[in-house]
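Every read-out reported here was derived from the displayed coordinates using simple, explicitly stated rules and does not represent laboratory data. Given the structure is predicted, the values throughout are model-derived calculations rather than measurements. So basically every Cβ, Gly included, is an ideal-geometry build from the backbone, and we count neighbours across all protein chains shown.
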Amino acid sequence: MSKYYLFQDTKKCIGCHTCTIQCKSHKNLPVGPRISQIIAVGPKFVGGLPRASYVFMPCFHCEDPWCVAACPTGAMQKRAKDGIVFIDFDLCVGCKACITSCPWGAPQWNPETGKAVKCDYCMDRVDQGLKPACVTVCTTHCLDFGKVEDTTRIRRERHAQAVAALDQNA
Amino acid sequence: MPAKTCSVTRTVTELKHTIDAGRLQNPRSRRIAEEILQLLNDIAWGRAGDRHIPAIASLADELAYDEADAAAMETAAYLHDAVDHNREVFVSHIKTHNCSTGDCVKLAPAPCQMTCPAGLDIPTYVTLIGMGRDAEAIDVIRRDCPFPWVCGLVCTRPCEFMCVRARIDTPISIKFLKGFAAERAMSEGSYRNPEKAPDKGQKVCVIGAGPGGMSAAYYLILKGYGVRVIEQHPTAGGMLLLGIPRYRLPREIIDREVAMLTDLGVEFRFNTRFGQDATLADLKGEGFDAFFFAIGAHQAFKLGIPGEEGCPQVLEAIAFLRRVALGDRTVPGKTVVVIGGGNVAIDAARTCLRLGCREVTLAYRRARTEMPADREEVEQAEEEGIRFAFLTIPIEVAKNNGGIDGLRCLRAELVKMEGQDRKYPKPIEGSEFLLAADVVISAIGQKVDNTCMTEVNGLDWTRRNTIQVNTATMETSRAGVFAAGDAVTGPATVIEAIGGGKRAAESIDRYLSGIPQPSMPRVPVRRGRIDWLEVPASTKMTLKRPDMPLLNLDRRRTTFQQVELGYPENAVREEARRCLRCDICLRCGKCVEICRDKMGVNALQMGYFDFDHPVKTDFRITAERCIACGACAANCPTGAMRMEDRGHERVLSLCGTILNRQKLLTCEDCGAVLGPARYIEFVRKRTKTVARAAGARALCDACSRHASAKITTDNLPSQSK
């Protein structure tokens with residue numbers, strides 16, 4: 001994994017897709033590729049009520065990325081200093097091996113350039129000390145970006161609260 | 001003068017760089033710049049119209065609206081400058097759909113078209129012939145050459161010498177395909193004249209009814225001018241008729257194609273010699289506004305050896321051929337020596353044989369490989385029994401009382417001369433011998449007979465005694481007087497004369513309409529952008545250029561019947577399928593490089609692309625090795641390499657040559673296409689070290705994303721109840 005973590009608080013997310021739009025705009029993508037996208041699961045009935053969940057899926061920046069292994073030209077790379085998986089467009093020839101190999105569908109096809117494109121956590125912004133484009137516009141502030149150890153805290157705290165509440169009721 | 005880099009490409013690159021570098025900060029400026037870029041790209045891709053250049057200029061004005069925006073002002077000034085200085089190049093791109101430098105990749109013209117002196121759009125008409133659309137092919141050809149049938153039989157076919165297919169096996173038989181289409185269209189009655197433009201009320205006089213003069217006449221009358229052609233001989237054709245013997249070009253073919261011109265209203269005045277029966281002053285008095293001289297080169301060079309002058313047994317080939325063409329079939333002698341190594345020499349020799357000469361020898365001072373004559377012509381002459389005396393230099397006509405004994409000659413050896421490509425035949429001292437003959441025919445070249453031109457003052461002549469013209473416009477030193485054909489080039493080819501005539505017609509039109517003349521030579525026009533013929537790789541490789549069926553030898557020795565009998569129809573259609581469509585694929589080699597160096601697959605064996613990596617071309621190898629990844633197609637700048645899914649197959653093709661077909665696998669959930677098994681195997685092999693062992697379901701990326709999103713939600717800690 002990269003040393004960063006892009007945390008999505010699914011409890012807060014309303015599926016407005018602003019992140020997806022901002023991502024496309026920042027990467028200047030044509031119709032087709034949505035490299036960070038919200039996948040709607042449901043709606044299904046939970047306790048008589050319709051419930052939907054929205055899962056934000058950019059790239060997981062895997063520890064051992066299959067796409068990097070699959071790429072025959074060395075365009076798909078894992079950045080040594082922080083583990084971000086990105087594409088060097090000068091090397092990409094558009095064979096789509098990364099797209100085929102990724103089990104999550106992270107690399108996608110850009111028909112305009114004839115090359116693959118994927119989430120790189122907005123490397124250019126991160127290097128300037130900024131957050132990825134998607135994170136900056138999230139309407140409900142459900143997205144957060146940072147070091148792995150910091151961003152998991154919310155989930156841990158909420159879980160603790162839930163457990164504690166159960167305790168009081170007992 | 002062709003520019004080294006294309007000004008259109010240069011402007012596109014420069015503007016794109018300005019935009020990409022973010023120099024235009026104002027969103028309005030950036031939007032205008034992007035619109036201009038789109039228009040420029042239209043020009044570079046051959047889809048622009050007449051209004052593109054004015055539109056670019058007015059958008060550039062809009063861009064220069066805000067003086068505070070320095071970057072926009074600078075860009076606007078650059079664009080104005082680029083368009084103004086290279087207007088001709090921009091207009092040429094729009095009009096011809098060809099970029100002479102090949103920088104605008106979509107418009108890189110095919111080598112055959114670029115080589116043709118008349119700029120025929122060969123890939124387009126060859127493909128049309130392959131489709132069986134002969135009449136349309138003739139229409140395409142006649143936009144650049146009014147005599148497809150004549151050219152289909154006698155053209156020297158420079159196109160075939162440039163044909164890229166020759167790097168694989170043999171060139172496409174372009175000439176005969178054209179001849180076939182013309183013959184078929186003529187016989188079906190679908191060989192038609194195009195519409196004439198409305199009458200312009202101006203008249204042009206053409207002097208000489210040869211291929212150059214008649215081509216100019218054809219294009220002028222189509223443009224709406226009145227045209228009169230004056231010709232000193234009793235019939236039209238010029239050298240086509242008088243120089244080329246009937247066994248190569250039957251008279252009916254010339255007559256039928258000339259009749260197309262008469263049909264359009266071209267007025268022919270035969271037996272009218274310029275300067276004698278019709279003077280410049282007479283013609284001016286009749287109201288002719290421009291003159292076009294295509295008087296040819298009908299005067300033979302003298303051998304310049306003792307005994308030649310005033311000897312009735314020494315004939316000039318060109319006069320001899322003219323005499324025979326006009327119907328005189330007297331046998332010149334029993335034993336004939338023809339001097340020369342060009343097509344005229346061969347024609348004279350073969351004509352002698354057909355008239356009944358017993359022994360015909362062709363004496364040439366260099367060797368066989370140096371002969372300027374067509375190889376086929378030489379071979380056919382040899383088959384018919386013409387003897388060749390190579391490395392033979394005539395030094396004297398050996399006379400006896402009243403007749404001649406023959407030709408006294410010296411043997412020669414070829415020596416390399418400093419600064420010359422062609423070897424020089426050096427006489428060997430003491431090697432003198434007699435070549436017995438009762439008639440000697442000299443065919444060592446012709447020059448322009450300028451005796452009729454004394455009246456035309458102020459005309460510049462070259463050192464070679466040809467008319468001096470501007471080769472881009474065929475203008476002479478005298479306003480309103482134009483010239484082309486052999487009179488300008490010296491003895492040359494039919495197709496050069498046709499090209500010259502066509503160019504002259506265009507500039508006569510400009511002259512009479514008061515439009516300035518172009519300063520650059522014309523770029524050949526792409527007459528269509530038609531789709532390719534689809535051919536399986538094995539067919540593309542195994543089809544062979546058909547042999548030309550010839551008349552039997554006995555008849556070839558005794559009659560003037562046409563020697564080359566023409567291809568049967570199926571051979572013509574098949575031959576067209578060998579064409580590599582170099583008007584679409586410009587052989588940049590990107591596909592090969594990516595497949596070999598980047599992907600490591602090396603499935604593309606296109607040796608004909610590349611002289612640095614000479615592999616043997618074989619389109620069939622691709623199907624054995626190709627994984628159908630599509631990187632070649634994704635990187636092809638012209639769309640020649642195409643990968644598409646058809647039904648349950650993925651098909652890779654290059655200009656219609658089917659290189660690979662692979663069955664497609666589909667997503668287990670939604671049925672979306674995953675790719676061919678060979679491709680998936682390629683990816684699986686590469687990811688073997690990091691990916692878990694197989695067993696994973698074959699899912700498309702959308703379905704696998706959904707599947708993993710579901711796993712994520714399902715595995716979340718239970719929400720508060």
Could you put A:F86, B:F147 in order, starting from the residue whose Cβ has the fewest other Cβ atoms within 10 Å?
A:F86, B:F147
Quick one: length gained pulling B:T5 to B:R478 fully straight, 0.36 nm per residue minus the C-alpha distance?
166.9 nm
Within region B:269-319, which trypsin sites (Lys or Arg not before Pro) sit in a loop by DSSP and count at most 12 neighbouring Cβ atoms inside 10 Å?
B:K302
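Exactly which trypsin sites (Lys or Arg not before Pro) in region B:463-526 are in a DSSP loop and have at most 12 other Cβ atoms within 10 Å?
Answer by residue number: B:R463, B:R464.
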Spin-label pair B:D20/B:E67, simplified geometry with 7 Å Cα→Cβ offset, distance in nm:
3.4
Farthest towards the positive end of the dipole of region B:7-106, among B:A68, B:A44, B:T11 and with Cβ unit charges of +1 on Lys and Arg and -1 on Asp and Glu, lies the Cα of B:A44
Using θ = phi - 60° and the Karplus form 6.51 cos²θ - 1.76 cosθ + 1.60, what ³J(HN,Hα) does each residue of region B:655-666 get, whole Hz, x for Gly and Pro?
6, x, 7, 6, 8, 7, 10, 10, 6, 9, 9, 10
Show which aspartates and glutamates lie in cross-link reach of B:K540 when reach means a straight Cα distance below 13 angstrom and same-chain residues fewer than eight apart are skipped.
B:D169, B:E574, B:E575, B:D618
Here the FRET efficiency for B:L434 versus B:R463, based on Cβ atoms and R0 = 30 Å and rounded to 0.05, is 0.25
Rank A:G74, A:G146, A:G129 by mean-square fluctuation in a GNM of chain A with C-alpha springs under 10 angstrom and give only the top-ranked residue.
A:G129
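Of A:K115/B:K685; B:K95/B:K447; A:K27/A:K78; A:K118/B:K16; B:K4/B:K178, which ones are farther than 29 Å apart at the Cα?
Flagged as over cut-off: B:K95/B:K447; B:K4/B:K178.
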Angle check, please: helix A:18-27 long axis (alpha carbons) against the longest principal axis of chain A (alpha carbons), in degrees 0 to 90, nearest 10.
20
Partners for B:K688 among aspartates and glutamates (Cα-Cα distance below 20 Å; same-chain residues under 8 apart left out)
A:E63, A:D64, B:D701
Might you report the magnitude of the Cβ-based charge dipole of the protein assembly as shown about its Cα centre, with Lys and Arg at +1 and Asp and Glu at -1, to the nearest 20 debye?
2940
Relative contact order (percent, whole number), chain A, Cα cutoff 8 Å, 6+ residue spacing
28
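Given R₀ = 22 Å, FRET efficiency for B:T170-B:Q420 by Cβ-Cβ distance, to 0.05?
Using R0 = 22 Å, I get an efficiency of 0.15.
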Residues whose built amide H sits under 5 Å from the amide H of B:G275, excluding neighbours closer than 5 in sequence, are B:L280
Can you pull out the trypsin sites (Lys or Arg not before Pro) in region B:341-419 whose DSSP state is coil and whose Cβ has at most 15 other Cβ atoms within 10 Å?
B:R358, B:K416
Given charges of +1 on the Cβ of Lys and Arg and -1 on the Cβ of Asp and Glu, with all other atoms neutral, how large is the dipole of chain B about its Cα centre, in debye to the nearest 20?
2200
State whether region B:302-445 is rounded, prolate or oblate according to the following rule on the C-alpha gyration tensor (a ≥ b ≥ c being the square roots of its eigenvalues): a/c under 1.5 gives rounded; otherwise a/b larger than b/c gives prolate, and the remaining case gives oblate.
oblate
